[in-house]
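Comments concern the structure below.
The values are calculated or read from the model by the stated rules, or taken from the named source; none is laboratory data. Just so we're clear, the structure is a prediction, and the values are computed from it rather than from any experiment. Here Cβ is always computed from backbone atoms with ideal geometry, including for glycine, and neighbour counts include all displayed protein chains. Calculation scope for accessible area: heavy atoms of the full protein, side chains included, ligands and nucleic acids excluded. Shrake-Rupley method; radii C 1.70, N 1.55, O 1.52, S 1.80 Å.
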Amino acid sequence: MNKNKKTAGSDIQVPSQSQKINYWTSLMPRIGFGLMLLGIILSACFAHDFKDTNLGLMVGFGFIIGGIQVLLLGSLFHALQPSFAKERQKLNAEQQPERV
C-alpha cells in the first residue's frame, strides 16, 4: 500500500540559533518598510486638510516616523548581531543540517 519507508517526523529540521537570529533581524526592516508605506498612504489620503487637528494626517506622519525607526533598528540589529551567531552560521553551512 504505502511504499514510503520513512518514519514519521524524520524530515523535521530544528533551526539553529543563528538561523533564528537571522530570521528576526531580517523581519524587522520589512516590518519597518511596511509601516512607513502605510504612513505614506494614510498621509496621502488625509492630506486635503493640512492642519495639526487632522487626526488621520498626524497618524500617517506617526507611522512614517515609527516605520523609519523600526527600519533603522532592524538594520542595526542585523549589523550588530552577536559574533557567535555569525561563526555558527559559517560552521552550519559546512555541516549537514541537524535532524530530530
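Here is how the numbers come out for the structure above:
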| read-out | value |
| --- | --- |
| L91, sole failed condition from (1) at pLDDT below 95; (2) surrounded by 13 or more Cβ atoms within 10 Å (Cβ to Cβ); (3) assigned to a helix (DSSP H, G or I) | (2) |
| Residues within the range 44-78 that are in a loop (DSSP other than H, G, I, E, B), open to solvent by less than 70 Å² (accessible area, probe 1.4 Å) and modelled with pLDDT under 90, tallied | 1 |
| Given (1) surrounded by fewer than 13 Cβ atoms within 10 Å (Cβ to Cβ); (2) at pLDDT 95 or above, number of the condition L27 does not satisfy | (2) |
| Checklist (1) open to solvent by less than 80 Å² (accessible area, probe 1.4 Å); (2) at pLDDT below 75; (3) in a helix (DSSP H, G or I); (4) out of contact with any Lys or Arg (no Cβ under 6 Å at 6 or more places or on another chain) applied to Q81, failing item | (3) |
